[in-house]
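Please read the structure below before turning to the comments.
Here, each number is a calculation from the coordinates, and none is a lab measurement. Computed from a predicted model, the values in this text were never measured in an experiment. Note that we place each Cβ from the backbone using ideal geometry, even for glycine, and neighbour counts take in every protein chain shown.
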Amino acid sequence: MQYPIFSMTGYGQSSVSSGKLSITIEMRSVNSRYLELKFKMPPMWGELEERLREMITAKLSRGRIEVNIIAHYIQSDAKLSIDWELLESVKEAHAKVETKVGLSEPLSFADLLAVEGVLKVEKPEEDLEEIWLLLKEALQGALQQLYLMRQSEGQRLSEDIVKRINFIKNKVSELELLSPLVTNEYRERLSERIAELGVNLAEDRLEQEVALMADRMSVTEELVRLKSHCDGFLQIMTEDTSVGRKLDFLLQEMNREINTTGSKSSSLAISRLVVEVKSELEKIREQIQNIE
């Protein structure tokens, strides 16, 4: 069965270019309780970040996602200009220093250009709407790759989890068959204690006492709820939405039931099965930490 489960781990990349600008977007996603977005992009594009966020949140609901945007200008419209007034001021200052202190060091072209502000790079104002069209296309490609990887990993996780849930259901069935041992154990311990004390207790009184305690120590309810939780777990996995938190909560309930079951019996057979179930639940817990 195909479950609509998504992992929170994945990677996506996409590159697009126009005649003068190339944009590459890399997206990496890891586990997180919430959706956390971290952008690394050219500072002058900052006002486009909110649009990028809206596109990502429409597709993903959990995970810590790093978005790295790399821009490369294939053809630059930048132009160099010289501040002639500043250049003349530098020459005049040099001449005065030369006259006053007797310097004879000539002023080279490199010296002039090294003065801050003499040489300027003039860039035309960027058209953010034009850039947005490229960004949007690149993000769609990277986001789709990330989405598909998370989907593929989610399917692998779901197949593993389903196997473990079915394993637990089989172990619960075995526990149901062994549950009468709890009552028998108590009857034996009570009989031994009575014998040690040398007390004469009528058989019907003994059975009455055993029945009262058996009702308190019965694990039937715990096992019924545990089986129901297993079915509920599989049902939640079919929901076409973010299910990670729901599964985590239900898993806590399942742990509670199996712990109670184990605490009510000293039978080695029951204890062994309880340990097996708890081990599988822990493995499932590790898996669902990565489910969206």
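Kindly flag which residue pairs out of LYS40/LYS246; LYS59/LYS283; LYS40/LYS283; LYS163/LYS227 have an alpha-carbon separation exceeding 25 Å in this structure. Violating the 25 Å limit, Cα to Cα: LYS40/LYS246; LYS59/LYS283; LYS40/LYS283. For the pair region 11-84 / region 259-292, the C-alpha centres are spaced 45 Å from each other. Listing TYR34, TYR3, TYR11 from fewest to most neighbouring C-beta atoms within 10 Å gives TYR34, TYR11, TYR3.
Extension gain, ARG245 to GLN151: 0.36 nm times the residue separation minus the Cα-Cα distance gives 32.1 nm.
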